[in-house]
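Single-structure report; data block below.
The values are calculated or read from the model by the stated rules, or taken from the named source; none is laboratory data. Just so it is clear, the model here is predicted, and its values are computed rather than measured. We place every Cβ from the backbone using ideal geometry, glycine too, and count neighbours over all the protein chains shown.
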Amino acid sequence: MKKLLLALALVAGPALAVNPDEVLDDPALESRARDISAGLRCVVCRGENIDESNATIARDLRLLVRERLVAGDSDDEVVGYIVDRYGEYVLMKPTAAGANILLWWAGPALFVLAAAGAAVYLRRRAQAPEPVAGLSAEEQARLDELMGG
């Protein structure tokens, strides 16, 4: 049994935060658990998935994923269960549906608006009227008179 756990730990590669006591006996279930865990974000570490994180909550999530798999849930059911409990924030790749659609389209929409604004600004700047010529002789005389000159 220890040799199997050691072999699984060596095969697992970058998933160093998974403790040996978390590894499932069934290699197929363990592989599914690793695949699911790679797509779930640690809510404490933010940039790491739960397999890479050493946070306590990440360990709890890893155990929960394995518990749901042993209970017979499909991969989608496991992810759905975790998302229902913790929200879509736990997904490393959030869905492009519902309220998230605003976040997915806000960047490109703002870029298009900024590009259009820049184009209008540059066009208006290029079409600016030429400066007015100097004062005529009459206007200069009147200005001198008003200035007390």
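I'm trying to understand the selection: among the residues of the range 15-46, which are of a type outside the set (Lys, Arg) and at positive phi? Residues satisfying the conditions do not exist here. Of all residue pairs spaced 6 or more apart or on separate chains, none has beta-carbon atoms under 9 Å together with a first member in the range 102-128 that is touching a residue at least 12 places away in the same chain (Cβ under 8 Å) and a second member that is of a type in the set (Phe, Trp, Tyr) and not in a loop (DSSP other than H, G, I, E, B).
For the range 35-49, taking the residues that are assigned to a helix (DSSP H, G or I) and not charged (D, E, K, R), the one that is surrounded by the fewest Cβ atoms within 10 Å (Cβ to Cβ) is identified as ALA38. Considering only residues in the range 76-96 that are of a type in the set (Ser, Thr, Tyr) and in a helix (DSSP H, G or I), the one that is surrounded by the fewest Cβ atoms within 10 Å (Cβ to Cβ) turns out to be TYR89. For the range 97-117, indicate whether the set of residues that are more than 23 Å from CYS45 (Cβ to Cβ), at pLDDT below 90, in a loop (DSSP other than H, G, I, E, B) and touching a helix residue (DSSP H, G or I) at 6+ places or on another chain (Cβ under 7 Å) is non-empty. Scanning the range 97-117, I find no residue that is more than 23 Å from CYS45 (Cβ to Cβ), at pLDDT below 90, in a loop (DSSP other than H, G, I, E, B) and touching a helix residue (DSSP H, G or I) at 6+ places or on another chain (Cβ under 7 Å), so the answer is no. Taking (1) within 18 Å of VAL18 (Cα to Cα); (2) part of a helix (DSSP H, G or I) in turn, GLU52 satisfies each apart from (2).
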